[in-house]
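Let me begin by presenting the structure, written as structure tokens, before commenting on it.
The values are calculated or read from the model by the stated rules, or taken from the named source; none is laboratory data. All values derive from a computational prediction rather than experimental measurement. Neighbour counts run over all protein chains shown; Cβ positions are idealised from the backbone, glycine included.
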Amino acid sequence: MKFAPLVLSNLRRKRLRTALTLLSITVAFILFGYLAAIRVGLGAGVQVAGADRLFVRHRVSIAQPLPISYLDRIKRVPGVRAAIHQSWFGGIYQEAKNFFPQMAVDPEPFLDMYPEFVLPEEQKLAWLRTRNGAIVGRSTATRFGFKVGDHIPLQATIWRREDGGVMWDFEIVGIYDGADRGTDTSQFFFWYDYLEEGRAFGKGLVGWYVVKVDNPDRAAEVAKLIDDEFVNSSDEVKAETERAFISGWVNQIGDIGLIIRAILTAVFFTILLVAGNTIAQSVRERTQELGVLKALGFTNRQVLCLVFAESCMISCLGGFLGLGIALLLISAGDPTGGALPVFYVPVRDVVYGACISVGLGLVTGFFPALRAMRLEIAESLRQA
Amino acid sequence: MSGTDDLLVNIEGVTKYYRRGAELVHVLEDIWFQVRRGEFLALMGPSGSGKSTLLNLIGGLDRPSRGSIMVDGLRIDRLNERELAAWRARHVGFVFQLYNLMPVLTAERNVELPLLLTPLTRAQRKRHVAAALAAVGLLHRKKHFPRQLSGGEQQRVGIARAIVTDPTLLLCDEPTGDLDRRSGDEILDLLQLLNREHGKTIIMVTHDPHASARATRVVYLYKGQIVTEMPK
Ligand SMILES: Nc1ncnc2c1ncn2[C@@H]1O[C@H](COP(=O)(O)OP(=O)(O)OP(=O)(O)O)[C@@H](O)[C@H]1O
Ligand SMILES: [Mg+2]
């Protein structure tokens with residue numbers, strides 16, 4: 001630690017150069033943190049999705065409905081513990097840009113299926129009592145200021161009413177929280193019966209089924225059994241794990257993980273060159289000083305460590321600063337106002353970031369440190 | 001004339017050559033010479049005669065190609081890199097022609113540098129630094145950076161840095177070479193004082209007869225060899 005002033009003073013040598021290097025590293029790490037949060041946001045379900053849940057949809061497409069009569073048949077498939085159905089509503093709240101997902105469900109089995117949606121008991125009871133009752137997740141409730149007791153009109157884009165109207169009225173009876181921060185709390189759920197009674201067409205149809213299996217390890221087998229159950233029927237199905245389903249969904253926008261990795265690789269490669277060059281230059285300028293240090297009795301190893309300390313100091317300072325700023329920005333919430341219901345940097349990525357900043361210091365410092373270590377004293381003093 | 005106890009530096013048959021591509025550049029040729037404890041020795045000779053090279057060998061900054069260098073009873077040419085570095089830190093103080101202070105460190109931090117390699121505590125280091133700076137008369141400038149000091153003052157800081165560890169041997173390579181007469185004299189006064197009052201053994205490379213006049217003995221180097229008198 002007594003060498004710290006020596007290391008720090010070298011960073012002060014060319015303030016502008018140090019500041020610019022620091023800035024570029026900081027920006028890279030802000031980007032790193034931000035992209036990590038975006039990846040989490042886009043793949044939200046992927047990480048949190050229950051491994052014991054299967055998605056059963058129409059073989060042709062998720063947009064094709066399935067008969068509600070499949071529910072009982074699915075429940076009878078060996079290995080299935082519970083099954084529910086869900087139907088996409090696709091209503092507009094005031095304006096099209098105020099998007100949030102709305103789903104028609106059977107409240108009780110639905111809540112049993114999704115323990116990660118945490119709803120106070122009295123709100124649950126209120127929902128069971130209220131025909132046009134709906135529950136909404138915390139993030140959407142906060143976004144639009146929904147409170148329990150509010151009446152929310154949604155304009156249907158699919159489900160015209162029997163009376164020819166397109167406006168549906170819902171009463172907010174509950175606001176649910178996520179059991180952990182990876183839980184998507186942007187969705188809006190309401191009674192399937194309310195939809196079924198009110199809609200002008202499509203009666204007896206549901207969007208898809210969600211199945212809970214007895215043993216997650218056998219999920220693939222159960223999925224196969226379900227597929228087989230409906231082979232040769234009018235509407236064949238495709239069952240897959242929720243995880244596979246959601247990642248398939250996300251992958252429609254492209255392999256996000258790959259794109260993000262590619263961007264970050266390019267960014268860090270550039271930073272490596274920038275920071276590496278700065279350190280190398282700064283060490284080259286100090287050839288004589290390093291020679292003097294050795295003359296005073298610093299060993300080759302100590303000089304090596306000094307240079308590494310310097311490069312790691314810069315990269316860690318920039319790295320931690322960048323991660324800190326990213327965390328701060330991200331804690332302000334989803335910047336898109338709804339497209340990324342889950343938006344945070346997982347601890348794992350923060351740890352990665354910290355490791356990368358240390359690694360960056362070691363890599364950028366490597367050749368300069370080696371050079372400093374090998375420096376011949378008499379030789380370096382001669383270079384006046 | 002002098003007992004072995006008095007013998008501080010003993011150089012026997014030292015040869016130094018550098019390899020420049022295929023050819024060998026002989027810089028020092030079979031040097032034999034001794035320095036007694038308490039001497040203030042001036043090493044003179046024309047440019048390129050090998051003065052700095054010899055000084056560097058005595059200070060353990062470089063190794064001889066052949067021959068032995070004994071300092072205070074220790075064969076320093078046989079030490080490995082780490083042992084040699086530790087030995088330099090303990091036993092040698094260097095003063096350079098161009099002062100070679102760290103421009104980013106204050107005078108006191110510069111003087112403290114060699115102490116960082118010792119087990120001294122922060123408070124002890126501070127005391128030693130203050131004593132060394134006081135010895136060169138620059139205690140009041142301790143917070144100044146080298147660029148805020150004159151050449152003579154910088155060289156005094158350089159001397160403070162060289163003596164702060166209380167080394168056995170003080171090696172100066174043209175310490176006044178870059179200074180005007182007055183500042184040079186101050187430096188020479190200081191070295192003389194260190195030699196006379198504090199018993200420091202000093203080897204000083206110089207071109208300047210005015211400087212060598214302060215020494216207790218003068219040795220000439222000519223084309224890599226010790227000569228008793230400069231050939232005309
Ligand atoms: N690393 C090296 N490689 C090749 N030649 C070298 C090397 N170091 C020194 N020399 C040569 O050795 C000779 C003596 O150098 P040295 O620096 O000891 O001379 P000097 O007497 O100190 O000269 P000056 O008075 O100019 O400082 C010079 O000719 C120099 O070119
Ligand atoms: Mg010289």
**OP:** Sort out which residues of the range B:189-217 are in a loop (DSSP other than H, G, I, E, B) and more than 16 Å from ligand 2 (Cβ to nearest atom), and write them in order of number.
**Re:** B:GLY199, B:LYS200, B:ALA213, B:ARG214, B:ALA215, B:THR216
Subject >> Scope the range B:23-36; condition aliphatic (A, V, I, L, M), surrounded by 15 or more Cβ atoms within 10 Å (Cβ to Cβ) and away from ligand 2 (no atom under 16 Å from the Cβ); matching residues >> reply: B:VAL35
**OP:** Looking only at the range B:37-55, decide whether some residue is in contact with a Pro (Cβ under 8 Å, 6 or more places away or on another chain), surrounded by 15 or more Cβ atoms within 10 Å (Cβ to Cβ) and of a type in the set (Val, Ile, Thr).
**Re:** no
Subject >> Residue that is nearest to ligand 1 (Cβ to nearest atom) [pool: residues in the range B:56-78 that are within 10 Å of chain A (Cβ to nearest Cβ) and not in a loop (DSSP other than H, G, I, E, B)] >> reply: B:ASN56
Subject >> Residues that are away from ligand 2 (no atom under 16 Å from the Cβ), without any contact (Cβ under 8 Å) to a residue 24 or more places away in the chain and touching a strand residue (DSSP E or B) at 6+ places or on another chain (Cβ under 8 Å), drawn from the range B:6-20 >> reply: B:ARG19
Subject >> Filtered residue count, the range B:186-200, keeping only those that are surrounded by fewer than 22 Cβ atoms within 10 Å (Cβ to Cβ) and touching a Leu at 6+ places or on another chain (Cβ under 9 Å) >> reply: 3
Original post:
Among the listed residues A:ARG138, A:ARG161, A:ARG131, which satisfies the condition of being touching a Gly at 6+ places or on another chain (Cβ under 6 Å) and at pLDDT below 95?
Top reply: A:ARG161
**OP:** Could you figure out which of (1) among the β-branched types (Val, Ile, Thr); (2) outside any helix (DSSP H, G or I); (3) within 16 Å of ligand 2 (Cβ to nearest atom) isn't true of A:VAL342?
**Re:** (3)
Original post:
Is there a residue in the range B:158-175 that is modelled with pLDDT under 95 and among the polar types (S, T, N, Q)?
Top reply: yes
Original post:
Exactly one of (1) surrounded by fewer than 19 Cβ atoms within 10 Å (Cβ to Cβ); (2) of a type outside the set (Phe, Trp, Tyr); (3) within 9 Å of chain A (Cβ to nearest Cβ) is unmet by B:GLN97. Its number?
Top reply: (1)
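Can you tell me how many residues within the range B:11-54 are within 9 Å of ligand 1 (Cβ to nearest atom) and away from chain A (no Cβ under 14 Å)?
Filtering the range B:11-54 for residues within 9 Å of ligand 1 (Cβ to nearest atom) gives B:16-20, B:25-28, B:43, B:45-54.
Remaining after also requiring away from chain A (no Cβ under 14 Å): B:26, B:43, B:45-46, B:49.
Residues that pass the stated criteria total 5.
Would you mention how many residues in the range B:162-178 are within 16 Å of ligand 2 (Cβ to nearest atom) and touching a helix residue (DSSP H, G or I) at 6+ places or on another chain (Cβ under 8 Å)? Walk me through it before giving the result.
Start the filter on the range B:162-178 by keeping residues that are within 16 Å of ligand 2 (Cβ to nearest atom), which leaves B:171-178.
Restricting the remaining residues to those that are touching a helix residue (DSSP H, G or I) at 6+ places or on another chain (Cβ under 8 Å) gives B:171-173, B:175-176, B:178.
Counting residues in the range B:162-178 that are within 16 Å of ligand 2 (Cβ to nearest atom) and touching a helix residue (DSSP H, G or I) at 6+ places or on another chain (Cβ under 8 Å) gives 6.
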